[in-house]
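One structure below.
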Amino acid sequence: MRSILITVLLSGVVLLIASSCATVPKEPLASGEVRLLGMQVPGSGNLVLGLSYNIYFTFDADGKPEMSRACCYWSGDPDRQYCYKVKDVKYGSPGNFSVDLSPPYPDQQRLKCYVDYVRDGKRQRTNAVTSSINGI
């Protein structure tokens, strides 16, 4: 009885480990679509209030869509959107761009951003990415 229980438990552990290593493929991008992959904040997220910083974003895109602005929400004011001009767009796999951003709030905040871009002549919005910012 004990050996059966040990065998069942070990089998469960092996299955759990095997399933955690499995990867789920991403959906392919639709024609003209942009998908944000991440955001890099300088200084490990410790930013001085009132100073402007280059925040870098990485993305995947089908083609070279026009990206005009990145809009962000701060957890300290989730109802107010701050938009920043996208600059230095470099297309590739992955591509990247930056925005100049100045933290408006002190203390620990979550920054959630998306990008507006043009697809088939219509303005579209990407998925959102988040990062922690500590305004000092």
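Since every read-out is calculated from the coordinates, none of them should be taken as a lab result. Because the structure is a prediction, the values reported are computed rather than measured. Methodologically, a virtual Cβ is constructed for each residue, glycine included, from the backbone with ideal geometry; neighbour enumeration extends over all protein chains shown.
Arranged from fewest to most other beta-carbon atoms within 10 Å of their beta carbon, I136, I55 become I136, I55. Kirkwood radius, region 53-134, all distinct C-alpha pairs, inverse of mean reciprocal distance: 13.3 Å.
When you restrict to C-alpha pairs under 8 Å that are six or more residues apart and normalise by the size of region 34-135, the relative contact order lands at 34 percent.
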